[in-house]
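Structure, as structure tokens:
The values are calculated or read from the model by the stated rules, or taken from the named source; none is laboratory data. Remember, it's a predicted structure, so these values are computed and weren't measured experimentally. Positions of Cβ are generated from backbone atoms using ideal geometry, with glycine treated the same way; all protein chains shown enter the neighbour counts. The area values use the complete protein model at the heavy-atom level, side chains included, leaving out ligands, DNA and RNA. Shrake-Rupley method; radii C 1.70, N 1.55, O 1.52, S 1.80 Å.
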Amino acid sequence: MKIPSLLVLGLLAGPVLADALPTTNKKPWVAFYAGYEAKSFQFTVNTEGVGELIPLDKGKPISGRNAIKFQAVVEDVSADGKVFAKYAEKGAWEAVTPAAIDPEKVTYRGMAGNAKFEVNLEFDKNGVRAGGKLLEKGELKNPRFVLRVSVPNVYFYDKDAAKLDAKAKDDRIDLVRTDGKKLKFGSRTAIDGETAEVTGPGIAEAKIEMSGLKDNRFEFVAGAGASFELWNKGIAPLSEGFSLNWKADAGKDPEGKGRLVLEVK
């Protein structure tokens, strides 16, 4: 059967979708694109480009349900300031670096909303450096690359409110905004992270200590020309889950060399 020439041209002109990312095919990371283990954490990247940091407790990983996730998103900002999130398309991945165990760096690319982006992850014994950039805007009007670092509800199975309050009484989420203002919250404090009172002009640094993440402290630094936005589900306790959404100023860093730094202590 002869394929119409216009259809051929359309296929050639459109974005060429890759496949899922390759896997290491080696234990213990058989099903993952990358796996890294340090003294206090494990980090994996699955075949759909999602990174997960799992803290270790006495040398063993805690529940995978409590993993801190790294997920690339493309946001398109309309003329009136509304933000539309475009999530990565399944099976539209390209591995720039090969699948690896304990790599120093991995780089891979994906598609979201017809825009192409790149993710960069770098590892050492102290933590993770992460960043990325937009490669092609596709049909989007005003897109930007965002890396969502999500802390889940680490108390999902704790249904007794009084016992949960006692368990989480020493939890701390400390923020330093880009304007220098410092904020401190307990994880059971109900707030709306996106508001001007909390995120303000952006968050430069964050420290997280939660009983549900065991005896670990997580220290985030956005880096020069970048900031985090704190997001949670409206007015709710941070113990129910929240994200630090990393955004870099492409005008100040057109090559996308900036990195957020997460140290696990």
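How many of the residues making up segment 13-31 are of a type in the set (A, V, I, L, M) and at pLDDT below 95? Don't jump to the end; show me each part of the working.
Looking only at segment 13-31, we keep the residues that are of a type in the set (A, V, I, L, M), and these are 13, 16-18, 20-21, 30-31.
Keeping just the survivors that are at pLDDT below 95 gives 13, 16-18.
So the answer is 4.
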Legend entry - Odd one out for GLY91 among (1) at positive phi; (2) modelled with pLDDT of 95 or more: (2)
Inset, instruction - Report, ordered by the first and then the second residue, all pairs with beta carbons closer than 9 Å, sequence separation of six or more or different chains, a first member in segment 135-148 that is in contact (Cβ under 8 Å) with a residue 40 or more places away in the chain and over 14 Å from TYR87 (Cβ atoms), and a second member that is open to solvent by 20 Å² or more (accessible area, probe 1.4 Å) and of a type in the set (Val, Ile, Thr). - result: LYS141/VAL77; ASN142/VAL77; ARG144/VAL77
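Looking at this structure, is GLY49 crowded, with 16+ Cβ neighbours inside 10 Å and either more than 24 Å from LYS26 (Cβ to Cβ) or not aromatic (Phe, Trp, Tyr) (or both)? Even if it seems obvious, please write down each step before you answer.
On the way: crowded, with 16+ Cβ neighbours inside 10 Å: yes; either more than 24 Å from LYS26 (Cβ to Cβ) or not aromatic (Phe, Trp, Tyr) (or both): yes.
Yes, satisfied.
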Inset, instruction - Report, by residue number, each residue of segment 76-130 that is among the polar types (S, T, N, Q) and more than 17 Å from the chain's Cα centre (by Cα). - result: SER78, THR97, ASN114, ASN126
Legend entry - Leading residue by the ranking (most open to solvent (accessible area, probe 1.4 Å)) among those in segment 68-95 that are aliphatic (A, V, I, L, M) and within 20 Å of SER150 (Cα to Cα): VAL83
